[in-house]
Amino acid sequence: MIREVREKDLHDLLQLYMQLHDNPMPEFTKELSELWESILEDKNHHIIVAEEEGRIVSSCVCVIIPNLTRSQRPYAFVENVITDEAYRGKGLASACIDYAKGLAEKENCYKMMLLTGSREEGTLRFYERAGYNRNDKTAFIQWL
């Protein structure tokens, strides 16, 4: 099942995120709880998940960004695309990204952007099959 995240999903989502860049499990602090509430309350911040057998096994984030150009149409940014290693190759990440595209179309976005740190050709082809291209723009990152 593809759906947006629910309040009770925090632990399972963080478990999945541990496979993303060797991300450690954070402590469940008041600050984490406040951050989670803030994300859930933000109408432009969407965490999309694929659930299998009662577990969150794939996810992506889609943020709708208001914009003053392009006839004031917003754009969407996709980040944190991940599928549990045991569930890869089943189309779950594609389904999450398709769900994000539906949200972007509903919000009248003029484009969707996605960045990946992967240099693996298979990963890059996956994003191309999902409709993204690596030729139109050049991304620059400044880590803070």
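No value in this document is a laboratory result; all are computed from the given coordinates. A quick note: this is a predicted structure, and the numbers were derived from the prediction, not measured. Note: ideal-geometry Cβ built from the backbone for every residue, glycine included; neighbour counts use all protein chains shown.
Odds and ends about this structure:
- The amide H of SER58, built 1.01 Å from its N in the peptide plane, has ALA50, ASP84 as neighbours under 5 Å, considering only residues 5 or more places off or on other chains.
- Karplus-derived 3J(HN,Hα), 6.51/-1.76/1.60, for each residue of the range 26-43, Hz, glycine and proline x: x, 6, 8, 9, 4, 5, 5, 4, 5, 4, 4, 4, 4, 5, 5, 7, 7, 5
- Amide H within-cut-off set for VAL81, under 5 Å, with H built and near neighbours excluded: VAL61
- Between THR116 and ARG73, the modelled labels are 2.5 nm apart [label points 7 Å from Cα along Cα→Cβ].
- Using the Cβ-Cβ distance between GLU37 and ILE65 with R0 set to 25 Å, the FRET efficiency works out to roughly 0.75.
- Per residue, the convex hull spanned by the alpha carbons of the range 2-129 comes to 121 Å³.
- Comparing LEU35, LEU103, LEU68 in a Gaussian network model of the chain where C-alpha atoms under 10 Å apart are linked, the largest mean-square fluctuation is found at LEU68.
- The calculated pair-distance distribution of the range 75-144 uses every alpha carbon pair, bins of 10 angstrom beginning at 0, and gives 17, 52, 28, 4 percent.
- Listed by chain and number, the lysines placed with their C-alpha closer than 22 angstrom to that of LYS90 are LYS101; residues fewer than eight positions away on the same chain are left out.
- Candidate lysines - alpha carbon under 18 Å from LYS30, same-chain residues fewer than 8 apart omitted: LYS8
- Computed [θ] at 222 nm, helices only, for the chain once each DSSP H run of length n ≥ 4 contributes -39500 (n - 2.57): -9000 deg cm²/dmol
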